[in-house]
Amino acid sequence: MGRLILGVLREVNVKSGLPATTSTERLELLDDKEHILGIKIVGGDHRLKNYSSILTVHPDVSEGRSGTLVVESFVVDIPVGNTKEETCYFVRALINCNLKSLSDVSERMAICPHSDM
């Protein structure tokens, strides 16, 4: 995998069933040592405006099993015609979808650690 550069854009095809199919994200923060990722959504066919998020990953133990705790915080403007509750519902659904995808990829990597995903 190539080195990621701050400011690089990525195009995301949204497959969540939410009312969006594309999103353009810009990498704002990346700290491999501290396990921090920050992005800002700069385009797409959704109504998210001025959305940015910080994702952190921490080792965790739950019920005696080691695992990973992922924390994501975000800020977003409420679009005209939406309520705060509607906007938060949409973002939480999107985050849950992203976390499910991250979990699936992580589990596949644990089973086949040397394959390219």
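Here the chain is treated with +1 on each Lys and Arg Cβ and -1 on each Asp and Glu Cβ, and its dipole about the Cα centre works out to around 200 debye. Over the chain, DSSP H runs of length four or greater, each weighted -39,500 (n - 2.57), average out per residue to a 222 nm ellipticity of -8500 deg cm²/dmol. Mean separation of Cα pairs under 8 Å and 6 or more residues apart, divided by the residue count, gives the chain a relative contact order of 15 percent. Against the main long axis of the alpha-carbon atoms of the chain, helix 84-111 sits at an angle near 20°. Counted residue by residue at 0.36 nm each, then reduced by the alpha carbon distance between them, the extension gain from Val61 to Ser106 reaches 14.5 nm. Here r is the Cβ-Cβ distance between Ile78 and Arg26 and R0 is 25 Å; the resulting FRET efficiency, rounded to 0.05, is 0.75. For the listed peptides 95-101, 28-34, 52-58, a ranking on the average number of other beta carbons within 10 Å per residue, highest first, reads 52-58, 95-101, 28-34. For Gly43, the residues whose modelled amide H falls within less than 5 Å of its own, excluding neighbours fewer than 5 places apart on the same chain, are Thr24.
Each reported figure results from applying straightforward, stated rules to the coordinates on display, with no laboratory input. Quantities reported herein were computed from a predicted structural model and do not represent experimental measurements. We place every Cβ from the backbone using ideal geometry, glycine too, and count neighbours over all the protein chains shown.
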